[in-house]
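Just so it is clear, none of the values below were taken in a lab; they were calculated from the coordinates. Note that this is a predicted model, so its numbers are computed, not measured. When we count neighbours, we look across all protein chains shown, and the Cβ atoms used for this are built from the backbone with ideal geometry, even at glycine.
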Amino acid sequence: MSLLKVVDLYRNFGGLAALSGVNVDIDQGELIGLIGPNGAGKTTLFNVITGIYEPSSGSVELLVNDNMVDISHKKTDAINRLGIARTFQNIRLFKDMSVIDNVKVAMNSKIKYGLLHTFLRTDKYYQIEDDVDVKAKRLLSVVNLNDKACDLAKNLPYGDQRKLEIARALASSPSLLFLDEPAAGMNPQETAELTSLIKKIKNDLNLTIVLIEHDMSLVMNLCERIYVLDYGRCIANGFPDQIKKDKRVIKAYLGKEN
């Protein structure tokens, strides 16, 4: 069953067409790769889907409570509440806050008490705070950072900062997670750990995941289907073995048949 549908999507910046008639259909539970040369439109596609940019034309629909909802012109926070979360190419942590507080901040949209409960420190306030703490610790355990909960985010090794970003994205309880170059800057050991982590969160949390990545070993070994963008157009989509042999993809991006 389709979780996300992108239909004939265009996004223009002045006279430049960053996306030109892109169509994407993602089923629930899939792990999808999005690849292509630098400047192909991959991050722009993420930005349109998550509400950072509005489409120039076309539509984006998300499955919400068994109904497809048009999210094409919704704000980022509204799209997040409907079930889409993401990470970014550049790490965007609150570096002077603790690891666990970075996760808790991302849960603000789910907190149900108001200012009165906060000022009076009512039972409801303490119950919700306890629930948030438990959930944050559980997410840190998922990404193997529970022993670093009290560390400042800026003191984490690079690979752990990437994991913390994923935990923070998971804090909003998404049904669809976008990862923008999660392995960028990682060494081989960190990349191997990340690959295992992505598999784990997909299976354990029943998530649908879409990732942009230039590490073709990671993409080909991890993703179930792959979309390929070039100059803002989708030039191919299919299973990894099909993408490896696609002449358009080889010419535009891979450079040789794998």
Q: For the range 7-117, report the convex hull volume of the alpha-carbon atoms normalised per residue, in Å³, without decimals.
A: 169
Q | Residue with peak Gaussian network fluctuation, the chain [Cα springs, cutoff 10 Å], from V228, V105, V210 | A | V105
Q. How large is ³J(HN,Hα) for each residue in the range 240-245, as worked out from phi by the Karplus curve 6.51 cos²θ - 1.76 cosθ + 1.60 (θ = phi - 60°), to whole Hz, x for Gly and Pro?
A. x, 5, 6, 5, 4, 9
Q.
From zero outward in steps of 10 Å, how is the percent of C-alpha pairs of the range 180-243 spread across the bins?
A. 19, 51, 27, 3
Q: Past 31 Å, Cα to Cα, is the threshold; run K74/K247; K42/K95; K202/K244 against it and keep the listed order.
A: K74/K247
Q) Across the range 58-74, in residue order, what do the Karplus-derived ³J(HN,Hα) couplings come to in whole Hz, using 6.51 cos²θ - 1.76 cosθ + 1.60 with θ = phi - 60° and x for Gly and Pro? A) x, 9, 10, 10, 10, 6, 10, 6, 6, 10, 7, 10, 6, 10, 4, 10, 7
Q. For labels at I91 and F13 in the simple 7 Å Cα→Cβ model, what's the distance in nm?
A. 2.5
(Q) Could you tell me which residue out of L164, A136, S20 lies farthest along the dipole of the chain toward its positive end? Charges go on the beta carbon: Lys and Arg +1, Asp and Glu -1, centred on the Cα centre. (A) S20
Q.
Explain nothing, just the number: dipole magnitude of the chain about its Cα centre with +1 on each Lys and Arg Cβ and -1 on each Asp and Glu Cβ, in debye rounded to the nearest 20.
A. 260
(Q) So, R0 is 51 Å and r is the distance between the beta-carbons of N221 and E129; what FRET efficiency does that work out to, to 0.05? (A) 0.80
Q.
Using amide H atoms built in the peptide plane, which far-off residues or other-chain residues are under 5 Å from F88 H to H?
A. D180
Q.
Under the √(5λ) rule applied to the eigenvalues of the Cα gyration tensor, what semi-axes describe the equivalent ellipsoid of the range 1-62? Give them in Å, descending.
A. 20, 14, 9
Q. Any idea how far apart S2 and S173 come out in nm if each label point goes 7 Å out from Cα toward Cβ?
A. 2.7
Q.
Ignoring everything except DSSP H segments at least 4 long, calculate the 222 nm mean residue ellipticity for the chain; use -39,500 (n - 2.57) per segment, divide by total residues, nearest 500.
A. -10500 deg cm²/dmol
Q) Modelled label-to-label distance, V64 and N206, 7 Å Cα→beta-carbon offset: nm? A) 2.0
Q) Out of F239, F178, F46, any idea which swings most in a Gaussian network model of the chain, alpha carbons joined below 10 Å? A) F239
Q. Considering every pair of different Cα atoms, what Kirkwood radius, in Å, is found for the chain?
A. 19.3
Q: Give the distance, in whole Å, between the Cα centre of the range 125-191 and the Cα centre of the range 223-251.
A: 31
